[in-house]
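**Q** Below: one structure in structure tokens.
The values are calculated or read from the model by the stated rules, or taken from the named source; none is laboratory data. What you are looking at is a predicted structure, and each value in this text was computed from that prediction instead of being measured. Cβ: placed from backbone, ideal geometry, glycine included. Neighbour counts: every protein chain shown. Calculation scope for accessible area: heavy atoms of the full protein, side chains included, ligands and nucleic acids excluded. Shrake-Rupley method; radii C 1.70, N 1.55, O 1.52, S 1.80 Å.
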Amino acid sequence: MKGDRVEIVVDAGDTTRTYEVVASRAGRRVETAVRRGVVEVSEVTRSGTVVRTARFMANRVLALVEQPIPREESPDRAG
């Protein structure tokens with residue numbers, strides 16, 4: 001959903017670097033995957049088309065923080 005974001009903290013030798021991938025438009029989401037030693041964070045549309053992807057070596061990633069936007073409960077779903 002628009003506003004979802006993922007922060008990635010990466011070891012850059014003598015310092016750390018922080019990157020963010022944000023769902024920039026309505027209907028987009030941020031997906032995270034770890035494959036073959038690579039961390040991929042992608043912004044994806046409703047139809048599943050990848051808009052952009054950030055890739056990092058898994059052994060360099062220090063932290064991966066997913067920060068979803070707070071969702072409001074709809075009145076029909078309230079218990």
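**Q** Conditions: (1) open to solvent by less than 40 Å² (accessible area, probe 1.4 Å); (2) assigned to a strand (DSSP E or B). Arg52 meets all but one. Number of the miss?
**A** (1)
**Q** Can you pull out every residue in segment 28-49 that is farther than 24 Å from Ala12 by Cα and in a strand (DSSP E or B)?
**A** Once the filter is applied, which keeps residues that are farther than 24 Å from Ala12 by Cα and in a strand (DSSP E or B), segment 28-49 yields Arg29, Val44.
**Q** Related question: Given the residues Arg60, Arg46, which is the only one that is surrounded by fewer than 12 Cβ atoms within 10 Å (Cβ to Cβ) and either under 14 Å from Gly3 (Cα atoms) or not small (Gly, Ala, Ser) (or both)?
**A** On inspection, the qualifying residue turns out to be Arg46.
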